[in-house]
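Enquirer: Below you will find the structure I want to go over with you.
Every number in this text was worked out from the coordinates using simple rules, so none of it is lab data. The shown structure was predicted, so the numbers you read here are calculated from the model rather than taken from an experiment. Reconstructed Cβ throughout: ideal geometry from the backbone, glycine too, with neighbour counts over all protein chains shown.
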Amino acid sequence: MFEVKRKIASILKNNGFRVIVDFRCPLGWIDVAGFKSGRSVGVEIGDPEIVASKLFGYPFDVRVVVSDRESSVEGVTVVDCVENLCRVLNLECDGNVEEEGWRYRRAFEYLKKALNDEVVAKRAIDAVVFLYMAGEVVEDYSGKVEDRIPFVRLFPTLVESGLAIRDTKEIFRPKTYMTSLTRGGVKLAKYVVGKKIEEKFDEIRRLAEDVGGWVVRIATLGLMDRRGLRLKVSKVDAPREIEGGFEEIAYTVLPVLMKTDLYELLKLLRDCDTVLNAFCRALCYTVLYPKVEELFERLFSMGLASKLPVYDYYGEFFGYEYRTSKEVAGVLSKLSDVGVEEGLLEEFESVLRLAYLRPSKDTKVAVERGILKEKEGGYEVFDERRFEDFVKNRFAMIMAKFLSSISSSRAP
């Protein structure tokens with residue numbers, strides 16, 4: 001799959017397109033996107049019934065899926081090979097792909113010589129991948145961080161080899177190092193991540209089946225950021241399995257929402273691009289948290305995610321976070337698709353607007369019930385306790401509707 005992606009990217013580039021590999025849009029990552037003189041092309045590789053929906057997250061002029069499965073999806077052209085992709089797009093099918101294995105071989109030989117141990121050299125390569133997933137790692141020796149950062153002893157060697165850069169900032173006592181990859185380190189990491197995903201694809205598929213393919217898709221929609229996916233480690237008291245009809249699920253979901261810190265949840269939702277992203281993120285940090293955490297923990301054990309300490313703007317440690325790259329996120333999003341009814345998203349948006357004290361149907365109800373009162377230029381909370389309970393209750397009912405629809409669709 002990664003070789004096909006690279007070949008498509010090379011062909012588009014050779015035909016004058018500005019190419020972005022792993023192009024992020026509100027519905028996930030598109031394998032290859034090309035832009036040329038007002039013409040845009042989005043290309044996905046995989047099962048058309050699953051991956052085609054992502055292409056509608058951006059207004060591409062042409063949407064193409066490369067797949068060996070015959071399928072008809074409205075608004076999408078399905079081709080079975082790269083040559084037919086060129087024919088459909090009327091392109092010269094010349095795309096010489098640079099062989100990147102040399103980068104790995106050269107780095108591995110250098111590390112093996114520097115460390116005088118082949119096994120440790122392989123761990124150093126894993127450290128490069130860890131840093132790529134993390135973006136940047138703070139080596140905090142203040143004593144506040146309980147979990148040891150993986151591979152930290154190998155970071156100086158990566159710096160010496162030109163694969164990483166290590167800087168200091170006087171925001172902590174004692175002195176703290178900030179480690180991240182160089183451009184060469186990023187290129188090496190991308191190659192290794194691609195190989196890891198290919199080698200572990202069956203294991204990734206089994207993981208999705210264990211956790212639930214629809215949960216994986218919710219996670220890729222709700223936890224995306226610029227680099228890939230990220231999940232803050234939290235203590236969420238929620239059952240791992242939530243099944244049954246609406247009433248049964250509602251009785252399970254409501255206590256979880258009532259124990260949720262509403263304003264912490266709203267902070268997590270504030271930077272979402274769409275209502276769908278916000279809805280999926282709310283699910284991930286409440287009722288689906290145990291399953292989503294399992295997904296990241298197992299990716300971490302497979303070397304396809306990082307778990308690291310995180311800090312606020314002032315450099316104060318406040319917890320841990322899982323991160324994984326856009327390549328891993330893109331593959332996860334190919335394993336399942338799940339739809340959320342437009343009516344449910346409209347309900348969720350109405351409650352979200354209420355939570356942010358903006359006009360909506362739910363805001364009007366809250367005013368009528370004496371929970372809010374109107375004032376010049378906006379609204380004011382009249383009864384804080386009733387306000388939080390009302391918002392959480394509405395969130396819970398919307399989530400219960402969605403989860404009961406999932407449960408009924410999976411029933412034998």
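Enquirer: Express the relative contact order of the chain as a whole percentage, based on alpha carbon pairs under 8 Å and six or more residues apart in sequence.
Expert: 15 percent
Enquirer: In whole Hz, what ³J(HN,Hα) sequence does the stretch 3-11 give by Karplus (6.51, -1.76, 1.60; θ = phi - 60°), x for Gly and Pro?
Expert: Per residue, the Karplus-derived 3J(HN,Hα) values read 5, 4, 4, 5, 5, 4, 4, 5, 4 Hz.
Enquirer: Any idea how far apart Glu346 and Glu384 come out in nm if each label point goes 7 Å out from Cα toward Cβ?
Expert: 3.5 nm
Enquirer: Output wanted: per-residue J couplings in Hz (rounded whole) for the stretch 397-402, from phi through Karplus 6.51 cos²θ - 1.76 cosθ + 1.60, θ = phi - 60°, x for Gly and Pro.
Expert: 5, 5, 4, 5, 4, 5
Enquirer: At 7 Å along Cα-to-Cβ for each site, give me the label-to-label distance between Glu109 and Tyr320 in nm.
Expert: 3.9 nm
Enquirer: Work out the P(r) tail for the stretch 212-338: percent of alpha carbon pairs separated by more than 21 Å, whole number.
Expert: Working: 3164 of 8001 pairs.
That fraction is 40 percent.
Enquirer: May I pose another question? Given the Cα-Cα distance of Arg148 and Lys373 and 0.36 nm per residue of separation, how much length would full extension add, in nm? All intermediate terms of the calculation are to be shown ahead of the outcome.
Expert: On the way: separation 225, 0.36 × 225 = 81.00 nm, distance 5.01 nm.
The span from Arg148 to Lys373 would gain 76.0 nm if fully extended.
Enquirer: Further question on the same structure: Can you grab the distance from the C-alpha centre of the stretch 348-412 to the C-alpha centre of the stretch 247-274, Å, no decimals?
Expert: When both Cα centres are located, 11 Å separates them.
Enquirer: Ranked from highest to lowest mean number of other Cβ atoms within 10 Å per residue, what is the order of the peptides 263-271, 160-168, 304-312?
Expert: For the peptides 263-271, 160-168, 304-312, the packing ranking is 304-312, 160-168, 263-271.
Enquirer: Under a crude label model (7 Å from the Cα following the beta-carbon direction), how far is Asp271 from Arg240 in nanometres?
Expert: Once both label points are built, they end up 3.1 nm from each other.
Enquirer: Please report, to two decimal places, log10 I(q)/I(0) for the stretch 2-89 at q = 0.15, 0.19, 0.20 Å⁻¹ as given by the Debye formula with identical point scatterers on the Cα atoms and no solvent.
Expert: Debye curve over Cα of the stretch 2-89, log10 I(q)/I(0) at q = 0.15, 0.19, 0.20 Å⁻¹: -0.46, -0.77, -0.86.
Enquirer: Which translational diffusion coefficient, to the nearest whole µm²/s, is obtained for the stretch 254-412 from the Stokes-Einstein equation, given a Kirkwood hydrodynamic radius over C-alpha pairs, 37 °C and 0.692 mPa s?
Expert: It comes out at roughly 185 µm²/s.
Enquirer: I'd like the Karplus ³J(HN,Hα) series for the stretch 263-277: coefficients 6.51, -1.76, 1.60, θ = phi - 60°, whole numbers in Hz, and an x wherever there's a Gly or Pro.
Expert: 6, 5, 4, 4, 5, 5, 8, 4, 9, 6, 6, 9, 5, 4, 4
Enquirer: When only alpha-carbon atoms are used, what values of Rg and Dmax, in angstrom, describe the chain?
Expert: Both quantities, over Cα of the chain: 23.5, 74 Å.
Enquirer: How much of the DSSP beta bridge set in the stretch 2-89 is antiparallel, as a percent to the nearest 5?
Expert: Details: 13 of 21 bridges.
Bridges in the stretch 2-89 that DSSP calls antiparallel: roughly 60 percent.
Enquirer: Tell me what the chain gives for mean residue ellipticity at 222 nm when only DSSP H runs of n ≥ 4 count, each as -39,500 (n - 2.57), the sum divided by the residue total, rounded to 500 deg cm²/dmol.
Expert: Per the formula, -15000 deg cm²/dmol.
Enquirer: List the residues whose amide H sits under 5 Å from the amide H of Tyr177, counting only those 5 or more places along or on another chain, with H placed 1.01 Å from N in the peptide plane.
Expert: Glu139
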